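Enquirer: Have a look at the structure that comes next, please.
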Amino acid sequence: MKPQLYSYWRSSAAFRVRIALNLKGMDYEVIPVHLTKNGGEQMSEGYVNKNPNRLVPLLDDGKNSIHQSLAIIEYLEEIQAQPALLPSSPIDRAWVRSLAMDIAIDIHPISNLRVLRYLIKQVGANNEVKDAWYQHWIKIGLDSMEKQLSGDPRVGRFAFGDQPGLIDICLVPQVFNALSIKMDINPYPTLMKIFHECMKLPAFIDASWEKQIDAEGSNPSI
């Protein structure tokens, strides 16, 4: 049985895992979970029984299931070492993980769909306030990423050297989000250089929004 990836086309976390699977050259089946239709398919009893946290992605290989995108990616790295998504030295691995977490743990959770929905439905924010919230937190995160990566000798074509890895896997979906809300990307020349290098590769292209079987729109202008 192919591993099954429960995914939503615009989910940043699922996007990360799709990129990682593609970079590893692993065959997998996407099982769409629509996060907004009918109150959200992630809330259905069938899905909650699989993943009680009611989020995507979830990777199911028929014997085991794993949730949380970074945990899934680390698992893929452990079961198939090549091509490597993490550097070889402990300090470089720690640095790469720290920047990946800056995105996956600090930027993404406070600007994802369920948070924005709560702002509107429970807090009473209008769309203008919601959009301001979204851009505020993404800007803070990308400002930090640009400062950390610009001029760092470890940066090459990609965030670490000349092969794509974990930072790139996390960065590209976040840039998609920034582009989709028409953020000013001029302050981020280093990030955008890395982004455009990534988007030359089939692993990233095939993981992108418009390539998904459940896609409802197209990629933002890149």
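Enquirer: Test Lys182 against the criterion of being of a type in the set (Lys, Arg) and at pLDDT 95 or above, and give yes or no. Steps first, answer last, please.
Expert: On the way: of a type in the set (Lys, Arg): yes; at pLDDT 95 or above: no.
So Lys182 does not fit the description; no.
Enquirer: Could I ask something else about it? Can you give me the number of residues within segment 106-118 that are in contact (Cβ under 8 Å) with a residue 12 or more places away in the chain and under 15 Å from the mean Cα position of the chain (by Cα)?
Expert: Adding up the residues that qualify gives 7.
Enquirer: If you go through segment 56-87 one residue at a time, how many are assigned to a loop (DSSP other than H, G, I, E, B), closer than 21 Å to Leu166 by Cα and in contact with a Lys or Arg (Cβ under 9 Å, 6 or more places away or on another chain)? It would help to see each step written out before you state the result.
Expert: So the first thing to find is which residues in segment 56-87 are assigned to a loop (DSSP other than H, G, I, E, B), and the list is 56-57, 61-64, 68, 80-87.
Narrowing further to those that are closer than 21 Å to Leu166 by Cα: 56-57, 68, 80-87.
Narrowing the set further to residues that are in contact with a Lys or Arg (Cβ under 9 Å, 6 or more places away or on another chain) leaves 57, 80, 82-83, 85-87.
Number of matching residues: 7.
Enquirer: Look at segment 119-129 and say how many of its residues are assigned to a helix (DSSP H, G or I) and farther than 16 Å from Pro109 by Cβ. It would help to see each step written out before you state the result.
Expert: If we filter segment 119-129 for residues that are assigned to a helix (DSSP H, G or I), which is where we start, we get 119-123, 127-129.
Next, from what is left, pick out any that are farther than 16 Å from Pro109 by Cβ: 120-123, 127-129.
Of the residues in that region, 7 qualify.
Enquirer: Here's a follow-up. Only one residue in Arg93, Arg117 is surrounded by 13 or more Cβ atoms within 10 Å (Cβ to Cβ) and either under 27 Å from Leu35 (Cα atoms) or in contact with a strand residue (DSSP E or B) (Cβ under 9 Å, 6 or more places away or on another chain) (or both). Which one?
Expert: Numbers: Arg93 fails: either under 27 Å from Leu35 (Cα atoms) or in contact with a strand residue (DSSP E or B) (Cβ under 9 Å, 6 or more places away or on another chain) (or both).
Among Arg93, Arg117, only Arg117 is surrounded by 13 or more Cβ atoms within 10 Å (Cβ to Cβ) and either under 27 Å from Leu35 (Cα atoms) or in contact with a strand residue (DSSP E or B) (Cβ under 9 Å, 6 or more places away or on another chain) (or both).
Enquirer: Quick one: count up the residues across segment 53-87 that are surrounded by fewer than 19 Cβ atoms within 10 Å (Cβ to Cβ), within 14 Å of Leu21 (Cα to Cα) and hydroxyl-bearing (Ser, Thr, Tyr).
Expert: 1
Enquirer: Looking at segment 150-157, can you tell me whether even one residue there is hydroxyl-bearing (Ser, Thr, Tyr), buried (at least 19 other Cβ atoms within 10 Å of the Cβ) and at pLDDT 95 or above? Explain how you work it out, then say what you get.
Expert: Initially, segment 150-157 is screened for residues hydroxyl-bearing (Ser, Thr, Tyr), giving 150.
Within this subset, residues satisfying the condition of being buried (at least 19 other Cβ atoms within 10 Å of the Cβ) are none.
No, because not a single residue in segment 150-157 is hydroxyl-bearing (Ser, Thr, Tyr), buried (at least 19 other Cβ atoms within 10 Å of the Cβ) and at pLDDT 95 or above.
Enquirer: Now for a different question. Looking at segment 187-205, which of the residues that are aromatic (Phe, Trp, Tyr) and within 14 Å of the chain's Cα centre (by Cα) is nearest to Arg18 (Cα to Cα)?
Expert: Quick first cut of segment 187-205, residues aromatic (Phe, Trp, Tyr) only: 188, 195, 204.
Now drop any that are not within 14 Å of the chain's Cα centre (by Cα), which leaves 195, 204.
Details: Phe195: 16, Phe204: 8 Å.
Looking at the filtered set, the residue picked out is Phe204.
Enquirer: Going through segment 160-182 one residue at a time, which ones are among the acidic types (Asp, Glu) and either crowded, with 21+ Cβ neighbours inside 10 Å or touching a Pro at 6+ places or on another chain (Cβ under 7 Å) (or both)?
Expert: Within segment 160-182, just Asp168 meets the criteria.
Enquirer: Is it true that some residue in segment 141-149 is out of contact with any Phe, Trp or Tyr (no Cβ under 6 Å at 6 or more places or on another chain) and free of Cβ contacts under 8 Å to residues at least 40 places away in the same chain?
Expert: Our first condition is that a residue be out of contact with any Phe, Trp or Tyr (no Cβ under 6 Å at 6 or more places or on another chain); within segment 141-149, this holds for 141, 143-145, 147-149.
The next check asks that each one be free of Cβ contacts under 8 Å to residues at least 40 places away in the same chain; those that pass are 141, 147.
Looking through segment 141-149, at least one residue is out of contact with any Phe, Trp or Tyr (no Cβ under 6 Å at 6 or more places or on another chain) and free of Cβ contacts under 8 Å to residues at least 40 places away in the same chain.
Enquirer: Sort out which residues of segment 98-114 are among the β-branched types (Val, Ile, Thr) and in contact with a helix residue (DSSP H, G or I) (Cβ under 7 Å, 6 or more places away or on another chain), and write them in order of number.
Expert: Here is the first cut: in segment 98-114, the residues among the β-branched types (Val, Ile, Thr) are 103, 105, 107, 110.
Scanning segment 98-114 gives Ile103, Ile107, Ile110.
Enquirer: If we scan segment 143-150, do we find a residue that is among the aliphatic types (A, V, I, L, M), under 30 Å from Ser89 (Cβ atoms) and in the same structural domain as Pro202 (by TED's automatic domain parsing)?
Expert: Applying the first criterion (among the aliphatic types (A, V, I, L, M)) to segment 143-150 yields 145, 149.
Next cut, under 30 Å from Ser89 (Cβ atoms) only: 145, 149.
Cutting the leftovers down to in the same structural domain as Pro202 (by TED's automatic domain parsing) gives us 145, 149.
The answer is yes; a qualifying residue exists.
Enquirer: Name the residue, out of Leu55, Leu35, Leu70, Leu23, that is within 23 Å of Val175 (Cα to Cα), touching a Gly at 6+ places or on another chain (Cβ under 9 Å) and outside the structural domain of Ile167 (by TED's automatic domain parsing). Talk me through it step by step, then tell me what you get.
Expert: Details: Leu55 fails: touching a Gly at 6+ places or on another chain (Cβ under 9 Å); Leu35 fails: touching a Gly at 6+ places or on another chain (Cβ under 9 Å); Leu70 fails: touching a Gly at 6+ places or on another chain (Cβ under 9 Å).
After ruling out the rest, the residue left standing is Leu23.
Enquirer: To continue, here is another question. For the subset of segment 35-52 comprising residues that are assigned to a helix (DSSP H, G or I) and of a type in the set (Gly, Ala, Ser), which member is surrounded by the most Cβ atoms within 10 Å (Cβ to Cβ)?
Expert: Gly39
Enquirer: I've got another one for you. Report yes if some residue within segment 190-199 is surrounded by 15 or more Cβ atoms within 10 Å (Cβ to Cβ), among the aromatic types (Phe, Trp, Tyr) and assigned to a helix (DSSP H, G or I); otherwise report no.
Expert: Yes, segment 190-199 contains a residue that is surrounded by 15 or more Cβ atoms within 10 Å (Cβ to Cβ), among the aromatic types (Phe, Trp, Tyr) and assigned to a helix (DSSP H, G or I).
The values are calculated or read from the model by the stated rules, or taken from the named source; none is laboratory data. Fair warning: this is a prediction, and the values are worked out from it, not measured in the lab. Methodologically, a virtual Cβ is constructed for each residue, glycine included, from the backbone with ideal geometry; neighbour enumeration extends over all protein chains shown.
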